[in-house]
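Visitor: I'd like to ask some things about the structure below.
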Amino acid sequence: MSERIGVVARRTAETSIDVRLNVDGSGKFVTETGVGFFDHMLSHIAKHGVFDLEMRAKGDLWIDQHHTVEDCGIALGEALAQALGDKAGLQRAGSAYMPLDEALAFAAVDLSGRPYARLDLKLLGREIGGMPPDLFDHFLESFAFAAKLNLHIRVLDGVNDHHKVEAAFKALARALDAACRVDPRRQGDIPSTKGTI
C-alpha cells in the first residue's frame, strides 16, 4: 500500500499555512505556528497518532491568535481528508481514553463524511500557555468540519487546564490512529452500507 499523504497550502489575507500529513508515518513532527502552546498540542497529534506532520504557519498574530489557530484546523482537516481519499478499507471509527496525571480525557472519531463536533473540555476560562481557552474548541471544530468527520471529546476529570487540554489532544490522536487504520478484512470495501462516505 502506498503512503497516504495530504499536502495543503492555505493562503488568505490573514494567514499563510503549509501542511504535510503522512497518515502512515512514525510520529515525526515539525510544528511552527508562532503559538508555542499550540505547537505543543499539534506535536501530540503526530506523536500519539503515529502520523508524520509538518505544519508551518504565518498569521496576523499582532491582532490575536484566532485566525492562525482556526486556519490551521481547516488546513489540517483538509490534509487528512486528502490523505484518506475515498476511505476504502478503513476501520472508519476509533476511540481512546487518555490520562495525564489527574486529568482524564475521552475522544471518539467517525470518519463518516458528516462533520460534527461535540466538545466538553471543562476549561476554567484562563489562558493556557498564552492561548484563550475558546480557541481549543474552535480549532477542533474547524478541524472536524474540514476533515468531514464526527468528533466527540470529553474531559472526564482534572484540575489543571494544561493537563486537560493535553490529555484531550492525545486522546484525539489515538482515536484518529484507530479510525485511519486499514482493516484487511474489508478487502478495500467502503466502510458504509451506503457504499460511499
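Throughout, read-outs are computed from the coordinates displayed, never taken from laboratory work. The structure displayed is predicted, hence computed values, not measured ones. As a convention, Cβ positions derive from the backbone with ideal geometry for all residues, glycine included, and neighbour counts pool all protein chains shown.
Visitor: Top mean-square fluctuation among N150, N160, N22, Gaussian network model of the chain, C-alpha springs under 10 Å?
Guide: N160
Visitor: Name the residue, out of L172, L80, L156, whose mean-square fluctuation peaks in a Gaussian network model built on the chain with Cα pairs under 10 Å.
Guide: Of the options given, L156 has the highest mean-square fluctuation.
Visitor: Now for a different question. Output the Cα-based Rg and Dmax of region 35-94 in Å, rounding Rg to one decimal and Dmax to a whole number.
Guide: 13.6, 45
Visitor: How far is helix 161-180 tilted off the main Cα axis of the chain, in degrees rounded to 10, range 0 to 90?
Guide: 10 degrees
Visitor: Place a point 7 Å from Cα of F145 in the direction of its Cβ. Which residues in region 1-38 have their backbone N less than 19 Å from it?
Guide: The answer is 10-17, whose backbone nitrogens lie closer than 19 Å to the label point.
Visitor: Between R56 and A13, how high is the FRET efficiency from 1/(1 + (r/R0)^6) when r is the Cβ-Cβ distance and R₀ = 30 Å? Nearest 0.05. List each step's numbers first, then the result.
Guide: Details: r = 18 Å, r/R0 = 0.60.
Efficiency at R0 = 30 Å is approximately 0.95.
Visitor: Where does helix 66-84 land angle-wise versus the long Cα axis of the chain, in degrees 0 to 90, nearest 10?
Guide: For 66-84 against the chain, the angle is about 10 degrees.
Visitor: On to the next question. Given a 10 angstrom Cα cut-off, can you work out which residue in R92, R118, R186 is the most mobile in a GNM of the chain?
Guide: Comparing R92, R118, R186 in a Gaussian network model of the chain, the most mobile one is R186.
Visitor: Here's another thing I want to ask about it. For R92, what residues show an amide H to amide H distance below 5 Å, using hydrogens built from the backbone and excluding near sequence neighbours?
Guide: The answer is R181.
Visitor: Follow-up. Using the number of other C-beta atoms within 10 angstrom as an exposure proxy, rank M55, M98 with the fewest first.
Guide: On the way: M55 25, M98 21.
With the sparsest Cβ surroundings first, the list reads M98, M55.
Visitor: Taking region 101-197, how much of its Cα-Cα pair set, in percent, is spaced more than 22 angstrom apart?
Guide: On the way: 1599 of 4656 pairs.
Result for the distance tail: 34 percent.
Visitor: Moving on to the next point. Between region 7-33 and region 70-84, how many Å separate their Cα centres?
Guide: Between the Cα centres of region 7-33 and region 70-84 lies a distance of 8 Å.
Visitor: Any idea what the dipole of region 5-186 comes to, in debye rounded to 20, about its Cα centre with Lys/Arg Cβ at +1 and Asp/Glu Cβ at -1?
Guide: On the way: 21 positive and 26 negative charges, 157 e Å.
Its charge dipole is roughly 760 debye.
Visitor: Separate question: Given +1 on the Cβ of Lys and Arg, -1 on the Cβ of Asp and Glu, and no further charges, what dipole in debye does region 76-125 carry about its Cα centre, rounded to the nearest 20? Walk me through the intermediate numbers first.
Guide: Numbers: 5 positive and 6 negative charges, 44 e Å.
Dipole about the Cα centre, nearest 20: 200 debye.
Visitor: Further question: For a Förster distance of 25 Å, can you work out the FRET efficiency between the beta-carbons of D137 and S95, rounded to the nearest 0.05? Intermediate results must be reported in sequence, preceding the final value.
Guide: Working: r = 19 Å, r/R0 = 0.77.
Computed FRET efficiency for D137 and S95: 0.85.
Visitor: Among W62, L42, P191, whose Cα lies farthest out toward the positive end of the dipole of the chain, if unit charges sit on the beta carbon of Lys, Arg (+1) and Asp, Glu (-1)?
Guide: Value computed over the given set: P191.
Visitor: Set Lys and Arg Cβ to +1 and Asp and Glu Cβ to -1, take the dipole of region 5-186 about its Cα centre, and tell me which of L104, N150, T31 lies farthest positive.
Guide: Positive-end residue among those listed: N150.
Visitor: In whole Å, what is the distance between the alpha-carbon centres of region 134-152 and region 177-197?
Guide: 22 Å
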